[in-house]
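Below: the structure, in structure tokens.
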Amino acid sequence: MNCYKKNSNSTPRAYGLRFAVLILLFVLFSDAQAQSGRILGGAVRSAADGQTIEGVSIFTEKGREKTSTDRDGKFSLRVGAATGILHIRHIGFAEQKLGYDKTTSHLEINLIPAENQIEEVEVVSTGYQSIPKERATGSFVQIDNELLNRRVSTNIIDRLDGMAPGLITNLDRKQRGQGDIEIRGRSTLYSNSEPLIVLDDFPFEGSLESINPNDVENITILKDAAAASIWGVRASNGVIVITTKSGKQGRQPVIEFNTNMSLAGKRNVFDQPMLSSSEFIDIERFLFGKGRYNSTLNTGWQPVSPVVEILAQMRAATITEQDGERMLATIAGQDARGQYNTYFNQPLLNQQYNASARGATDNHDYFISAGMDRNKAQTVGNSFERWALQAANTLRFWENRIKLSHRILYSNKIDRQVASSIPSSPKYPYSQYIDADGNHLPEVSTLRLSYIDGLSEERLLDWQLRPMDDLHTSDFYSNNRMTNLRNSLQIEANIINGLKASALYLYEESYSDAPTYYGPNSYYTRNQTNSFSYLNSSGNLEYGIPLGAIKLVRNGKGRNQTGRLQVEYDRYFGNDQQFNMLAGAEIRENSGLNASYGWYGYNEENQTNQNHLVNYLEPFRMWHSGQSLRIPTMTDQSSVQDRFVSYYTNIMYAFKDRYRLSASLRRDGSNLFGVDANQKFIPLWSIGGLWDIHKETFFPQHVLSKLQLRTSYGYNGNLNRSVSGYLTARQGTFTLANGQPYYEIVNPPNPALRWEKVRNINVGVDLTSHNQRISATAEYWQKRGQDLIANRPTPTQVGVAGFTGNTASTLSKGIDVSVQSRNLTGRFSWSSQAFISRVTNRVLDYHIVPATNFAIMSGINDYPQIDHPQFAFFAFPMKGLDETGDPIGYLGGQESKDYRAIKNTQDLSEMEYMGTSVPTFHGTLWNSFSYSGMELSFSLRWYAGHVFRRNSLDNASIYNGSYTAWDYQQRWQNPGDENSTDVPALVYPNNVNRSDFYKYSGLLIEPADHLRFQDLQFAYNAVTFARKLSVEQLRLILSATDIGVLWTRNNKSIDPVFFNGNTIRTTYSLGIQIRL
């Protein structure tokens, strides 16, 4: 790509560019000449534990020669004078002065920690470079290994929950439209809202479950533009930089082993309110008398419950009234939850094992680890296993001027399911799965049980579904295996003092293999085979699907390649100025291929199939329903190939070690946006400033030992891989008319399509008390999403209903505050840490207008409303009940029971804004106590400022077979009940509009503010016992997580996270850590 335009006026510009290059070379050459002398080298460690320290400032007496230690604690400094004094300075340690003479060449320096100094990680990593924290103008939070290990879990997300201000995780992982983890809220509508994950300097595209948490050294969270803009179009949601462990230069070899075992009780199916069997039977009797099941019974094959079957037999006089009532009385005494809990639920059991070794010589450091996780889920037969291996090596050459690093990470995880017919919940409140004699009982599924019993065709396969059969046969398995192999190589060269260049390359491959096997005797195979069976012209039975097993395989392969060239220049000018510049280029390619295929008549033993006998084109008349359907092909294939190219630079300037400016610029391009070159590339940038006020001569040191003001402004971006600037279409299977394939237009061409952009503003202040026992940080931030991907209607003459493009905008803002304190020190110590975050957002621009108010309420996030939060809750105003038990609404300012008109109005004033479903406040409080090798810590988690829609009586669900009993006992039943309840009466036939009105009324919106007891941990360092075993450390840990809810604002004591009744169980863990 040319650096200037080629035209008649380009010559002066070309010469100007060449001149600038010559000037730069002259400066570098002059610096190299000026620094002729000899080199002092060495390493800096903490005198407390011998660990090397990164980011230590080392400079001569006059400050003309300066450097800082690298991540291994090593430094190299060219000095001109034969003798002199070095100053060694680092926050958290006492400053030292060390003399040198003409015989000095290598120095081993031990820094003494400052007394009562609050420990904090002093170097933060952006994934491109490491920055001393005191120099960072951006918003960073770093979580070290000790903090991560407070919580036992096989995945990183669980360990991050509540660990940093501005970071929130989705506790139930199922809330619609919300990702697993978010940083400072959302700045997009329909694109990916989760942060970019960076693993060991490279973006990580795989599943976080592939990462072994025991291998993680620390995690840095980049929250604002100055911190994250170096990652360009992928940084608008924040960046989580994960740094895994490596060898430590100068440390003795260390071997570590740790194991954890976690246990949680069975899911309690009794937590969810449920109609008793007798209550449910009463409803079925009532509906049967009203003729509710007549059309279903008339087909002869459609499924009905055992109770309805008995009532139908009583009506047809095939059984007597006395026998029928006796059978119904027996069923009324059954409770499905007992057998369901016994046979299909099990306690959760997680096991973790991890071993690692790390060490170093003068020119080589290494780290190797192996980990295994084995989890048994709370559903019988479901399990998770993971094996992880990692090896990291670093070699140094030519007096540490050249460093070669290689890291390889291998992981293999597998999710297993061994039973396909286990219901997620009992089908009826009286369902039974095994009788008194141990026989497996059939469950009502796709066909009526009496229809199956009356089938006369003997060659049809057994059509009964018996869930217990799956637990005692090997006729089903589903194994979802994911393998990830990640190789990275880095070469770093210190060209001259202050100038270094590096080249990095990553090659990553992932494989997924998900076979699902339905044996010949599995219900799925028997049902499919029977459904597509038919009688030929001779009256003989033929199978459209060949006899045998059915196997479906889903395979996937992904490949990621990233190459990066980077230079970094760091120079001091006199005693007052420092200049640091980082510049580089990066190219990346992600490709993936996913395919699924299946076999009918499959033989597992010899791996043969009979697909050649299957007619996929001709529709078959279903045996039971008469409907014409084609046999599923079970084949699909998709591929993706994304290419990115980026150029970036980051500049920092410091004056008098108290004023700092930073600027970054990045330009990204992708093949996803392909029409105009100016749309392919988008510049993203940031500027930031920092003022160390405490270093000013006028600042009173007896007030605060640190007072720092930071601010930043800039733009990040976001990527939506589901859209393209080109015409996109989706291939269907076959048309019913002629059996030919067809295509559906997904999105028309859009030459103006571009990245989403997010404008970031951040202002922060950091302070530390004069005795260094209290430190605090407060930040105000703002994120404005622009050019957000969203839907937009198009004129009807275009031929498509709408298109997806850059049509929306949002605004989010908030405050993050964190406080750390050492309350007591000495033999008995007590420390605390607390943070609170405030997050609000609103939609500024959106063009899709819903047809009705009901569409807004029932499809949260489908129709964001301008000037409201993205996940806003709207509701119908409801006065209460009338004397007949009907809910009373409002229409045109008047009381009304015209529920259809209320639902279908487009007048926004006819509905109430109730709040947002996303917490606008959240915070954490930690307390940690230690005494004589014993440690006790606990954390509380707080959420506030949001609402949820609680469950209540649903007329339609009750009459459609649901047995959940939300507010069933509290419903209106008799005149006068309207004075004591707001739950409407059950009516038949069901009025859908009436049910919907109550379901989405404001009376069911509850405040979601609550306080959770997150975890409790006790640890004991068995020093005496460790000496007897000749080990360096022996640590025992007992912990409990998800302990429970301490307080809720709603007066019904409903857990706002698990308001559907599926509460999470407390997990108890035992861990052992050994260091040799």
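What follows draws every value from the coordinates through simple rules; no lab data is involved. No experiment lies behind these values; they were computed from the predicted model shown. In this analysis, Cβ positions are derived from the backbone assuming ideal geometry, glycine residues included, and neighbour counts consider all displayed protein chains.
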(request) For region 807-885, just the Cα set please: Rg and Dmax, both in angstrom. (result) 22.5, 71
(request) Between Val254 and Thr1066, with labels modelled 7 Å along Cα→Cβ, what's the label distance in nm to one decimal, could you check? (result) 3.3
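Tally Lys/Arg at +1 and Asp/Glu at -1 over every other residue whose Cβ is under 12 Å from the Cβ of Asn762; what's the total?
Taking every Cβ under 12 Å from that of Asn762, the sum is +3.
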(message) Let me check I've understood the local charge: for Phe280, count other residues with C-beta under 12 angstrom from its C-beta, Lys and Arg +1, Asp and Glu -1. What total comes out?
(response) -2
(message) Run the Debye formula on the Cα coordinates of the chain, all scatterers equal and no solvent, and tell me log10 I(q)/I(0) at q = 0.06 1/Å.
(response) -0.59
(message) Could you compute the net charge surrounding Tyr648? Neighbours are other residues with a C-beta less than 11 Å from the C-beta of Tyr648; K and R count +1, D and E count -1.
(response) +1
(message) As an exercise, use a Förster radius of 41 Å and the Cβ-Cβ distance of Arg1027 and Asn363 to find the FRET efficiency, rounded to the nearest 0.05.
(response) 0.75
(request) Let me know the charge dipole size of the chain about its Cα centre in debye, to the nearest 20, where only the beta-carbon of Lys, Arg (+1) and Asp, Glu (-1) is charged. (result) 3640
(request) Could you grab the relative contact order for the chain? Cα pairs under 8 Å, six or more apart, rounded to a whole percent. (result) 9
(message) Considering only C-alpha atoms, what is the centroid distance from region 348-397 to region 273-287, in Å?
(response) 53
(message) Could you work out [θ]222 nm for the chain from helices alone, using -39500 (n - 2.57) per DSSP H run of at least four and dividing by all its residues? Round to the nearest 500 deg cm²/dmol.
(response) -3500 deg cm²/dmol
(request) Calculate the spin-label point distance for Arg481 paired with Ala503, positioning each point 7 Å from the Cα along the beta-carbon direction, and give it in nanometres. (result) 3.7
(request) Among Asp907, Asp954, Asp323, rank each residue by its count of other Cβ atoms within 10 Å, from fewest to most, as a rough exposure measure. (result) Asp907, Asp323, Asp954
(request) Subtract the Cα-Cα distance of Ser909 and Val567 from 0.36 nm times their separation in residues, and report this length gain in nm to one decimal. (result) 117.2 nm
(request) Can you give me the P(r) profile for region 123-260? Cα pairs, bins 10 angstrom wide beginning at 0, each as a whole percent. (result) 11, 42, 35, 11, 2, 0
(request) Mind sorting His472, His87 by how few other Cβ atoms lie within 10 Å of their own Cβ, fewest first? (result) His472, His87
(request) Sketch the reach of a paramagnetic label on Ser957 as a point 7 Å from Cα along Cα-to-Cβ, and name the residues of region 274-288 whose backbone nitrogen lies under 16 Å away. (result) 274-276, 280
(message) Just to be sure I understand the model, the point goes 7 Å from the Cα along the line to the Cβ. What's the resulting Ile496 to Phe579 distance in nm?
(response) 1.2
(message) Using alpha carbons only, how many angstrom separate the centre of region 540-601 from the centre of region 426-501?
(response) 27
(request) Only Cα pairs under 8 Å and at least 6 apart count here; give the relative contact order of region 947-1051 as a rounded whole percent. (result) 27
(request) May I ask you to work out the translational diffusion coefficient for region 327-421 at 20 °C, viscosity 1.002 mPa s, via Stokes-Einstein with Rh from the Kirkwood sum over Cα pairs, reported in whole µm²/s? (result) 121
(request) Express in nm, to one decimal, how much length is gained between His87 and Thr299 on full extension, taking 0.36 nm for each residue of separation and deducting their alpha carbon distance. (result) 67.1 nm
(request) State, as an integer percentage, the relative contact order of region 490-594 based on alpha-carbon contacts under 8 Å between residues 6 or more apart. (result) 30
(message) Please list, in order, the residues from region 401-420 whose amide nitrogen is less than 13 Å from a point placed 7 Å along the Cα→Cβ vector of Tyr511.
(response) 411-413
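What Kirkwood Rh does region 35-111 have if only Cα atoms enter the pairwise 1/r average? Answer in Å. Working shown, then result.
On the way: mean 1/r = 0.0808 Å⁻¹.
After inverting the mean inverse Cα-Cα distance, the result is 12.4 Å.
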(message) On a full-extension model of 0.36 nm per residue, what is the gain between Asp636 and His440, subtracting their alpha-carbon distance, rounded to one decimal in nm?
(response) 66.9 nm
(request) For a label point 7 Å from the Cα of Ala595 along Cα→C-beta, name the residues of region 639-660 whose backbone N is under 16 Å from it. (result) 639-640
